[in-house]
Amino acid sequence: MPKVAKKQTRKRPAAKKPAPRRRVSRRQVGALEALGARLDEGGALMATGAIQAAFLGIIAAALLAFLYTVFSGQLQTMPGRLAALPGETAKHLGLNVMRVTIKGGDSLSTREVMAALRDDELGSIIGRSLVTLDPHELREAVEALGPVKHASVTKLLPDTIHISVIERTPRALYENGAGEFFVVDADGVLIRAAEPVQYTELLTISGTEDPSEAMGFLAELRKHPVLYARTAGIEVVGGRRFDIRFRNGFLAKLPEKDVDQALRRLHSLEAGTGTLAETLDYFDLRNPDYAYYKLKGGAEKKP
């Protein structure tokens with residue numbers, strides 16, 4: 001019979017015995033904790049010292065920079081440099097003025113507006129920082145122009161100044177003592193220099209250094225449209241009363257008071273038409289009780 005090999009049994013390795021625990025006394029634990037606390041305290045002290053050293057270094061560097069600025073003569077220019085920082089930064093960001101748009105200025109030229117916005121030191125507004133420009137100052141500069149009654153200024157990012165304008169309406173011509181003519185509005189404000197042939201539809205104010213003195217009377221005269229259309233000029237006499245020169249050359253002298261009554265009387269006499277002008281030089285209404293007239297080439301008479 002064949003031999004059968006005997007099954008061998010494998011022996012399990014003996015289990016390792018755990019290493020015996022080392023006993024630490026309470027005294028040793030306390031010593032270790034004290035050592036750790038000292039290490040932590042030392043690290044904190046080192047970090048604090050590093051911060052203090054860095055802070056002192058910054059102060060020293062600032063002090064040296066200040067001393068250099070003082071002794072090199074650059075201290076006087078420092079405020080200007082600091083003030084220029086926002087503008088320079090805005091320019092680098094592309095926030096500088098490249099366009100000026102105007103709305104509502106019919107008789108106002110772009111050249112006039114640009115000249116008003118020009119700074120004596122910085123020059124043209126084009127290229128200046130949009131951020132640092134003050135809209136209120138720009139508005140005042142535009143409103144200083146004679147034709148402008150009201151203006152508003154808006155900054156439009158990134159590069160535009162927009163100006164809206166309400167212009168003064170011409171109401172009369174003003175002739176000063178030197179014979180110069182100006183267009184004035186309803187308040188007597190000078191709009192611009194002018195030639196009389198350019199404004200033949202407007203009457204002329206003369207005899208005063210302040211054209212606003214005649215604006216109240218001009219408003220009264222406008223209530224009588226027929227007389228107003230025939231009037232060529234108003235002369236202020238002594239700062240108290242007015243003479244009317246009609247377009248046909250006829251002259252009417254008005255009183256200081258009851259002006260409206262005198263105007264109604266002139267209207268009833270058809271003053272300004274050819275009838276009176278053919279025979280009379282003037283008609284004097286200064287006395288409320290009487291009216292005087294002067295014949296052409298003759299003496300003054302009372303009707």
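Net charge of the neighbourhood of Ser152, taken over other residues with C-beta under 11 Å away and scored Lys/Arg +1, Asp/Glu -1, is +1. On the principal axes of its alpha carbon atoms, segment 133-212 extends 50, 22, 19 Å, with the longest extent given first.
Restricting the trypsin sites (Lys or Arg not before Pro) of segment 93-148 to loop positions (DSSP other than H, G, I, E, B) with no more than 16 neighbouring Cβ atoms within 10 Å leaves Arg118. Under 19 Å of direct C-alpha separation, and excluding same-chain neighbours fewer than eight residues apart, Lys257 reaches these aspartates and glutamates: Glu213, Glu220, Glu235, Asp243, Asp284, Asp289. Across segment 172-301, the relative contact order, built from alpha-carbon pairs under 8 Å that are at least six residues apart, equals 15 percent. Given their separation in residues at 0.36 nm each and the Cα-Cα distance between them, Arg118 and Glu195 gain 24.9 nm when the chain is fully extended.
So, counting K/R as plus one and D/E as minus one, what does the shell of residues with Cβ under 11 Å around Pro288 add up to? Net of charged neighbours comes to 0.
Calculated on C-alpha atoms, the gyration radius of segment 94-167 divided by its Kirkwood radius gives an Rg/Rh of 0.93. Neighbours of Val259, meaning other residues whose beta-carbon lies under 15 angstrom from its beta-carbon, give a summed charge of +1 when Lys and Arg score +1 and Asp and Glu score -1. The GluC sites (Glu not before Pro) of segment 162-264 that DSSP puts in a loop, and whose beta carbon has at most 13 other beta carbons within 10 Å, are Glu180, Glu201, Glu209, Glu256.
Are any of the pairs Lys223/Lys296; Lys223/Lys294; Lys223/Lys253; Lys149/Lys223 more than 20 Å apart by Cα-Cα distance, and if so, which? Beyond 20 Å between Cα atoms: Lys223/Lys296; Lys223/Lys294; Lys149/Lys223. Fraction of C-alpha pairs exceeding 26 angstrom in segment 172-301: 20 percent, rounded to a whole number. In this structure, Leu295 and Lys223 have a Cβ-Cβ separation that, at R0 = 30 Å, corresponds to a calculated FRET efficiency of about 0.50.
Every number in this text was worked out from the coordinates using simple rules, so none of it is lab data. The model shown is predicted, which means the values in this text are computed figures rather than measured ones. With ideal geometry, Cβ positions are generated from the backbone for all residues, glycine too; neighbour counts draw on all protein chains shown.
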